[in-house]
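Working notes for the structure below.
Since every read-out is calculated from the coordinates, none of them should be taken as a lab result. Every value quoted in this text rests on a predicted model; they were computed, and no experiment measured them. Cβ placement follows ideal geometry from the backbone for every residue including glycine, while neighbour counts extend to all protein chains displayed.
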Amino acid sequence: MKYFLKIFMIAVAMVTAIPSFAVSEKDMEHARAIAAKHYLRYANNGSDYLDKLNPSSVAELSKSLKAKEQENIKSFNAVALPKDYASWDKKKLVEYWSSTFFKSPGLKDDGKKCLSVLAKNLNKLNVSAPTADSKPADPKPAEPNAQDQKAANESKPAAPSPAPATAAETGSQASNESAEQTVLKEAEAQAAVEEAVAQAEADAGLADEQPKKSSNTGWYIGILVVLVGVVIWLVVYASKSMKETGASLSDHKAGEKEIREAKKAAKEEQNKMREQYANSLTSKNEEIKQLKAKTEALEREVDAAKRESDGLRRELSAAKRELAALMQSNAEAPKHMEAEQRRQSDTVTHPEPARVAQAPQRPVKEQQSTPASVRAQSSPARPGGLPPVVFLGYVNQKGLFVKASRTLNVESSVYRMDIPDGHHGLFRVVNDPDILDRLLDNVAQWLEGGCVIENPEDADIAAEIITLQPGEATFSDNTCRVTKKARIKFV
């Protein structure tokens, strides 16, 4: 509360110390110089150089004038100045220099044409506070009369009296030490109030000296009230601003804490993501390594399959050559049979004398080269030069039989084909215990190319393969091609 009381007293002292804004000697001389400049400019059309000048006094302006303007300014300076301008306000100052002054005799009519422009420029002036030594700008000022001297004498002893302060200090010395500081503060506040009151009385004395200023007392009181209100508002605003600043500072600190926590959480999340990425990268590298190993294994299997395929191609070529040799031997078989028949008929017709002699025998190599089916055959060969029965291997992807032989081959034979006309044949799966295990171990390789299997799921428990319907094949260009697959069943 004492703090606000001090502020209030200081505001009162400041307001009472505010001087009245009236026309000072400096303002009067400045306005006179502006009026002289405009008067000279319009009095002589050739004085446009004056537009560049901005004098603050007539003496300053006179230093820059040419001969013509020096002559014209004499009539301007001949007009006497009023002595009561210190009581004027800005409005009256502008009115005097833009109207009243130019009604004086002796001034040129051309120079009076500047009044409208002059009034505008004079309104731009700022009227300052009057000083204690303000006096008219008349080079021969009038001596002060007795009334003015009396008012000046009365205004002198208006200084603040230190007596109350001395009494307060005497009282404070008589009080105890605990109340000493409080009394001193109250004395200081009282001294400030008394000083402000003294200053106000001094200003009031000056106002009495100038009767026209007393009419502005209401304005001063209004200004005082406004300033007190402004001071109170500033105190309240400062208090509120301090509270808001404290709240803002707290929010700022809380925000910084949240930012730090957010940065920490973001860093932890980043580290977590990096760890996850590293683990994922490790697993992916391991997976790539495994896939690479599988790829290498598959490449080895492909190489093995290629080698096997090359071997099968060689076997196919050998089978084709063997089949061609069989066909050629079958084509030559009728000739040998006819020769044998003629020889037997000659023996029956012309019997030799009985003698004990062992019939000559053919070499073993020649006997082995003769096919078994040809040796056992007693009837003429089939058309086309093929034997009536042929044992064939598996059927490849092109539908061709691989490896043909006239006898059963336990390692490669799969089908037994009957050839009734030498060009078409009917084939069945060989139902032989010696080859059953081989066929059932790899059904896809040995059977699926030439057979339709009714129950493939029973291959693991089958003890026998039965051909339900024989398949059909044709011979052309030393090859045997499947035209219809055989139907089989596992039992």
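Below, the figures for the structure above:
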quantity: Unsatisfied cross-links (Cα-Cα over 21 Å) in the set 68/124; 26/63; 83/112; 37/124; calculated: 68/124; 83/112
quantity: At q = 0.13, 0.25, 0.26 Å⁻¹, base-10 log of I(q)/I(0) for the stretch 235-314 (Debye sum, equal scatterers on each alpha carbon); calculated: -0.73, -1.05, -1.07
quantity: Karplus 3J(HN,Hα) series, Hz, for the stretch 408-414 with 6.51 cos²θ - 1.76 cosθ + 1.60 (x for Gly, Pro); calculated: 5, 10, 5, 8, 10, 6, 10
quantity: Protection-proxy order for peptides 317-324, 242-249, 402-409, each taking the mean of Cβ atoms within 10 Å per residue, highest first; calculated: 402-409, 317-324, 242-249
